[in-house]
Amino acid sequence: MNVHENARLTPVGRALMIDRIERGWPVGRAAEAFGVSRRTASKWLQRHRRGGERRLHDRSSAPRRCPRK
């Protein structure tokens, strides 16, 4: 997927932020360093814990199925 030019975090930036949190940085401090909210940093941390590196990539917003098609 293409990364939006104004995106605060790219998949590489998300991985770096998660790495810092796992090395002992508080979530709020890491979020501030990357210019995102604490809530956003927590969201990416939870996604990483559920699925590893592959979860740090953007997902499609298209519906997975369309029953009336």
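Structure above, values below:
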quantity	calculated
For the range 32-42, Karplus couplings with θ = phi - 60° (6.51, -1.76, 1.60), whole Hz, Gly/Pro x	4, 5, 9, x, 10, 7, 4, 4, 5, 4, 5
Cβ crowding within 10 Å averaged over residues, with 11-21, 36-46 ranked highest first	11-21, 36-46
Theoretical gain in end-to-end length, E5 to R29 [0.36 nm per residue, Cα-Cα removed]	6.2 nm
For the chain, alpha-carbon Rg over 2.2 N^0.38 Å	1.27
Relative contact order (percent, whole number), the chain, Cα cutoff 8 Å, 6+ residue spacing	29
Only Lys, Arg (+1) and Asp, Glu (-1) charged, at Cβ; the chain dipole about Cα centre in debye	560
Fully extended contour minus Cα-Cα distance, from D19 to R64, at 0.36 nm per residue	13.1 nm
Summed residue charge, Cβ within 14 Å of G28's Cβ, Lys/Arg positive, Asp/Glu negative	+4
Per residue value of the accessible surface for the chain (all protein chains in place, 1.4 Å probe), Å²	82
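The values are calculated or read from the model by the stated rules, or taken from the named source; none is laboratory data. This one's a predicted model, so the numbers in the text were calculated from it and none came from an experiment. Ideal geometry is used to build each Cβ from the backbone, glycine not excepted, and the neighbour counts take in all protein chains shown. With ligands, DNA and RNA removed, areas are computed over all heavy atoms of the protein, side chains included. Shrake-Rupley method; radii C 1.70, N 1.55, O 1.52, S 1.80 Å.
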